[in-house]
């Protein structure tokens, strides 16, 4: 277990070093050169620092950051999946308000500690969702005139 | 003292009503995620079409003042900075709120805002001619060095490792180069249509700060709620007043840094809060407490971002050049009534100009009073169970980032950056330096290119960037700042062990 | 037979509720959005807010128009979005700036051209002017050009960016006077370019007539010439470049107006083309625009189409030499 953060650090800093090196490569090969002067400078510093961090992680000398425990990962996964479906697909696919309502309610049901067997806790969740959506609709649609992607139901 | 003469105009029933409306409306708009002060003021412009010039400006002035302060509400309670100005407020403010000290954090922030704001407006009243020269003194070479100075702050800002702080800053600087470059119009690093327009700062801010917090709440799962019921502490206003004035250093640094930096066209407003935060951390006797819910952090950041409001209008009122996007919108508010700002604005339209400035003074006080009132109510947000909170913050983040440009692309950027930031934070990187890089990148780059174009046509790059007292002064500060960071890194090697760092991380999250 | 099918299709579409685009009889049924590809507070944004303020009136569209800003890269960000992602349902309008977007499409690297958009109406024309600081030694365009001749490539002058109206004016000046000058594009737009002139960072600058007019009133700059065919009513004393002996036409004049993306149903375009110019004619709009020092120039859809085509030709010729 003690080695878990260390391995994670190696993976994380390795990924960042990869990003750093690839953007450095892109900056130095792309044209027009005049537009890439600044990116070249940044990406060089970026790549050097990232590789340094990676080497430190390999040597096990990373001091800050405590990684992610397996338990935390298990807990966050359902919420993260719901959020990702909501943001990347549903918000545009089924409509902004519809998707937010569903996602909000699902997240509440997933993480709210109130028992799933009681009718009362379900009613409470529905009430919170309705209240939140009413505020959002009033603020963004009515007051600020924000145009959201079309809804499928209305 | 002419401003006292027109003070009475602020208190006529209609004008005072508009002032109240602007203040309350501004607080609400300011607290809405995604709605920066610029957009909030722009939204109010159509209402001023119907009003007299004086009334219109009272409404806009009050709204500008209070949207800046209102941004602190969402920054502290939800960790969603409403605008770049409020980034620094989240660092300590939100930590205080999670400890149940939300009321205290809000009270401090509104009091500090009022102190800074009043100071800024008084500068505008008494020192406008001097300040106007200062605002013009910053050419491309100086703005470039200023941006570099900001970059050097990155290493010491809210990060326990200088290297990781700098690396976070580099990520931000790189993200800022995505999209069309501002001068040549060339496309860079466009790997997905959502970023073809570049990364917009406000959705990025929302994602980088709010989403990691949502995911952290997810990691707590269903069961652990009972373990951490937060007792929301009531906090008497009297104590908050004492606290603000006890933290003289932070208040003074915040106010002065905010007013000086706020004056510099194009840069000021966005970084005033962060620079003031960093400076007061360096000067504080308790610098290790910064980031752990320390009152000085909130005071410095909030006094700075409101102190900037007054001086940021100097170039507009005296030279007729808007120094910030918000000033540009206010210019529109003047123009529709046929009022052209300039040196003789105060001679030709004293009734309008002085009443406008007076309304910003009174607006600061009203904003403080309302702010203190909400502080008591709003602090109970910390008692909201984390499941509800996570869903609310996620919903607000999506709506807020969408509403900036009515764009789904911005929402994707917000979410992607947010999820990535959660993982980065677990490995010792932090969001504040990253955001600073994102803001400073375009400033540094554009001014460097403009400066070299001017230099090539005239005196040559070396002379242009390295001569003149203002360049020397800025370079000296840059060198001092880098040396300080290097020295800190060497010193900290001796005593930072993994356990210390972990302990600090725990205190943070 | 054909009309019958069309009628049935229309009825079906109405039934399923997807007929929002075809229900042109009722258009508009909800508020309309107007995309401005410059930031809040810029001249285009400011004017767009004024000319659309009466949209909600019964004699205009009957629905309010909300402004959405998509600034970046001299307008490229906004127009790219407008050409490739905006919905062509009539509820998404865009503000155009000529010659900016045409010049950018000729230069390349963007996903739009004049063919990607359908103009509705033009509201304003803001010529470019040449400004110098109030204490500058230059008093006419001849002074500027003779300095440029003595210092080839050494006369720095600012403008709002590359391939925008100011840049076109700068190219025309260099070509007509036969000199090489140093055009410094500013990342902060017209306001930033004006600041550079006032602060003395550059020797001169090309800027919008409306902004220069204000800066001159404030005593900060001198205006040496107008890049247009005729003198402007706001500045009757300032000669055009042509009068000063430089062969420069109105190709750089910044025309601002409203357009919709290609693919917007024809009935909606027709309805907008009929109502929008009348909306611009509104007395309140006119008085506000005049108060703000913004020259109005109302053109109908057909006039704008002709203007776009003419501009495209001139610009192609001008930019071919680059």
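Every number here is computed from the coordinates shown, using simple stated rules; none is lab data. On a predicted model such as this, the values are computed, not experimentally measured, just so you know. Here Cβ is always computed from backbone atoms with ideal geometry, including for glycine, and neighbour counts include all displayed protein chains.
Across peptide B:449-455, the average count of Cβ atoms from other chains found within 10 Å of a residue's Cβ is 5.
Placing a label point 7 Å from the Cα of residue B:477 along the Cα-to-Cβ direction, the residues of region B:286-311 whose backbone N falls under 19 Å of that point are B:300-311.
Averaging the sequence gap over all C-alpha pairs within less than 8 Å and six or more residues apart, then dividing by the number of residues, gives chain A a relative contact order of 21 percent.
Can you pull the mean other chain C-beta count within 10 Å for peptide B:135-142?
Details: counts 2, 6, 1, 3, 6, 6, 1, 0.
Other-chain Cβ atoms within 10 Å of each residue's Cβ, averaged: 3.
Neighbour counting of Cβ atoms within 10 Å sorts the residues C:150, C:303, C:118, fewest neighbours leading, into C:150, C:303, C:118. Across region B:420-454, the residues whose backbone nitrogen lies under 20 Å from the label position 7 Å along the beta-carbon direction of residue B:192 are B:420-426, B:431, B:434-435, B:438-439. In chain B, the calculated helix contribution to ellipticity at 222 nm averages -24000 deg cm²/dmol per residue, counting -39,500 (n - 2.57) for every DSSP H run with n ≥ 4. Rounded to the nearest 5, the antiparallel percentage of DSSP beta bridges internal to the protein assembly as shown is 65%. Working ranking of peptides A:30-38, A:72-80, B:77-85, C:177-185 by packing, defined as the average number of other Cβ atoms within 10 Å per residue, highest first, is B:77-85, C:177-185, A:72-80, A:30-38.
Per the Kirkwood formula on distinct C-alpha pairs, the Rh of region C:55-173 is how many angstrom?
Working: mean 1/r = 0.0578 Å⁻¹.
About 17.3 Å, per the Kirkwood formula over Cα pairs.
Between residue C:309 and residue B:470, the modelled label-to-label distance comes to 5.1 nm, taking each label 7 Å out from Cα in the direction of the beta carbon. Label sites at residue A:7 and residue B:21, each approximated as a point 7 angstrom past Cα along Cα to Cβ, lie 6.4 nm apart. Look at the stretch C:58-66: the mean tally of other chain Cβ atoms within 10 Å of its residues' Cβ atoms is 1. Mind telling me which of C:284, C:311, C:76 comes out most flexible in a GNM of chain C, alpha-carbon contacts under 10 Å? It is C:284. Each label point was placed 7 Å from the Cα along the Cα-to-Cβ direction; for residue C:29 and residue A:70 their separation is 5.6 nm.
Computed across the protein assembly as shown, the Kirkwood hydrodynamic radius from all distinct Cα-Cα pairs reaches 29.0 Å. If R0 equals 41 Å, the separation of the Cβ atoms of residue B:4 and residue A:135 corresponds to a calculated FRET efficiency of about 0.45.
Computed from the C-beta positions of residue B:456 and residue B:242 and an R0 of 41 Å, the FRET efficiency is 0.10 to the nearest 0.05.
Its relative contact order, with pairs defined as Cα atoms under 8 Å and 6+ residues apart, puts chain C at 25 percent. The distance from the alpha carbon centre of region A:37-74 to that of region B:312-386 is 43 Å, rounded to a whole number. Of the residues C:78, C:189, C:154, which exhibits the maximal mean-square fluctuation in a Gaussian network model of chain C defined by a 10 Å Cα contact cut-off? Judging by the Gaussian network model, the answer is C:154. Once the Cα-Cα distance is subtracted from the 0.36 nm per residue extended length, the residue B:52 to residue B:12 segment shows a gain of 13.1 nm. Considering only alpha-carbon pairs that sit under 8 angstrom and 6 or more positions apart, the relative contact order computed for chain B is 29 percent. Using bins of 10 Å that start at zero, the share of Cα-Cα pairs per bin across region A:3-58 amounts to 28, 40, 22, 9, 1, in whole %. At the listed q of 0.07, 0.10, 0.11, 0.13 Å⁻¹, the Debye profile of chain B, built from one uniform point per Cα, gives log10 I(q)/I(0) equal to -0.35, -0.74, -0.91, -1.29.
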